Structures are given as C-alpha cells and as structure tokens.
Amino acid sequence: GLGDVYKRQALAWIAIKEQKYEDALKFVKEGNKATLSKWQVKLKDSAITEGWVNVFKNDWKKAVAAWKSGNNRDKNCFYCRDGLARFYISEASKALGKKDKKKAKEFYKKALKEAVVGARAIRHNSGLVTLVDTALYGLGDKEITIKTYAGLAKKWNTDPLYFAKLGYAHLYAKNYKKAE
C-alpha cells in the first residue's frame, strides 16, 4: 500500500546517507512502479528524492529532469521548485565566474521564477525564502524586488515576513513613505 511506498522513500534516504546511490535509485524506482504504473497516482515524493540522489552523484542534468517530472506530477511541488532554483543559482554563479553577467541574469530570472512559485505554494519555507532573496540580489532590480515581495505579501497577508522584506525593498528604492 501507500505506507510501503513511503517506507521505500525512507529507505532511499537512508541509502543516500550511506552514499549507496544506486540502492537509493532502486528504492525510488520501486516506489514509482507502484504509484505511477500500478495505481496511476502521481506522487511527487520520489521525484524529489531522485533529484537529490543525482545531485549527490554530481549529475545535475538528471537531477533537473527528476525535479521537472515532480512538477509535472504536482505543480505545487515546492521541494522540486527549491531544487530547480538552487540549480539555476549555481549556474548563475558559474556564469559570473566566467564574467558573463548577461547569462547570469538569465539564470537568476529562472531561479526567481521557480523560487517564487515554490514560495507561493508554502507559506514560510526558509530555503525558498533564501532562494527568492538570492535570486533578487543577483538580479539587482529594485522594481522586480518590490513587485516580487508585494506579490508574496499579498499571497501570505497574515505573515509579516514578506511585508518586512517589502518595506526594506522600498527603503532601498528610497520610497520612504511606502517603506514606512
């Protein structure tokens, strides 16, 4: 049953911690066989796990493919969005290392898109909050920053976090009355 699928996910994470990546992928594959094939249920959990197994194997191409498959199964897979945002920020950093600011900004835009979709799916995930901040910092655009935080503050209107970030964004843009 479903408990068996989650047991396989747990075993996959134990295998990851033991650096037995092929064993972890085997558990992911078994879980996918049950959910995707047998039951026709599109659970995102195995895609998240598969993505991280591939990160630890240093295969970012497969990690990205896994997280994208998770997003196809569940558009609100915030852990998939988190993984993709981390990948794009990493690519932006590589581009900056090669002095390609234009390419870096393209990756920061992609990272921001993924991080914001993730942040809109879950109220307060510290990883996604940091990824949104990092992507915005990389873009260095006051208007995009204000628009992003205004949208998140509107979505999570009972959480002071994004209102505080919006206030600081207005302060940085010298919109003192709006910041107040």
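The values are calculated or read from the model by the stated rules, or taken from the named source; none is laboratory data. All figures in this text were calculated on a predicted structure; none of them were measured in a lab. Neighbour counts are summed over all protein chains in view; Cβ atoms, including those assigned to glycine, are modelled from backbone coordinates with ideal geometry. Note: accessible area is taken over every heavy atom of the protein model, side chains too, but ligands, DNA and RNA are not part of it. Shrake-Rupley method; radii C 1.70, N 1.55, O 1.52, S 1.80 Å.
If you scan the range 145-169, which residues turn out to be more than 19 Å from the chain's Cα centre (by Cα) and under 30 Å from LYS103 (Cβ atoms)?
Of everything in the range 145-169, those that are more than 19 Å from the chain's Cα centre (by Cα) and under 30 Å from LYS103 (Cβ atoms) turn out to be ILE146, LYS147, ALA150, LYS165, LEU166, TYR168, ALA169.
Could you figure out which of (1) buried (at least 19 other Cβ atoms within 10 Å of the Cβ); (2) free of Cβ contacts under 8 Å to residues at least 12 places away in the same chain isn't true of LEU166?
Of the numbered conditions (1) buried (at least 19 other Cβ atoms within 10 Å of the Cβ); (2) free of Cβ contacts under 8 Å to residues at least 12 places away in the same chain, the odd one out for LEU166 is (2).
If we scan the range 43-64, do we find a residue that is assigned to a helix (DSSP H, G or I), open to solvent by 70 Å² or more (accessible area, probe 1.4 Å) and touching a Gly at 6+ places or on another chain (Cβ under 9 Å)?
Yes, because at least one residue in the range 43-64 is assigned to a helix (DSSP H, G or I), open to solvent by 70 Å² or more (accessible area, probe 1.4 Å) and touching a Gly at 6+ places or on another chain (Cβ under 9 Å).
Taking the condition of being in a helix (DSSP H, G or I) and open to solvent by less than 60 Å² (accessible area, probe 1.4 Å), how many residues in the range 131-156 meet it?
Residues meeting the conditions: 17.
Spot the failing condition for LYS75; the list is (1) assigned to a loop (DSSP other than H, G, I, E, B); (2) closer than 22 Å to VAL5 by Cα; (3) more than 13 Å from the chain's Cα centre (by Cα), and only one is missed.
Unmet condition: (3).
Looking only at the range 78-93, how many residues end up being more than 12 Å from the chain's Cα centre (by Cα) and charged (D, E, K, R)?
1
Here's a check for you: in the range 105-130, which residue that is over 14 Å from THR148 (Cα atoms) and polar (S, T, N, Q) is least open to solvent (accessible area, probe 1.4 Å)?
Going through the qualifying residues, I end up with ASN125.
Before we move on, is LYS33 without any contact (Cβ under 8 Å) to a residue 24 or more places away in the chain and out of contact with any strand residue (DSSP E or B) (no Cβ under 7 Å at 6 or more places or on another chain)?
Answer is yes for this residue.
Considering only residues that are more than 9 Å from VAL53 (Cβ to Cβ) and free of Cβ contacts under 8 Å to residues at least 24 places away in the same chain, which ones fall in the range 9-21?
ALA10, LEU11, ILE14, LYS17, GLU18, LYS20
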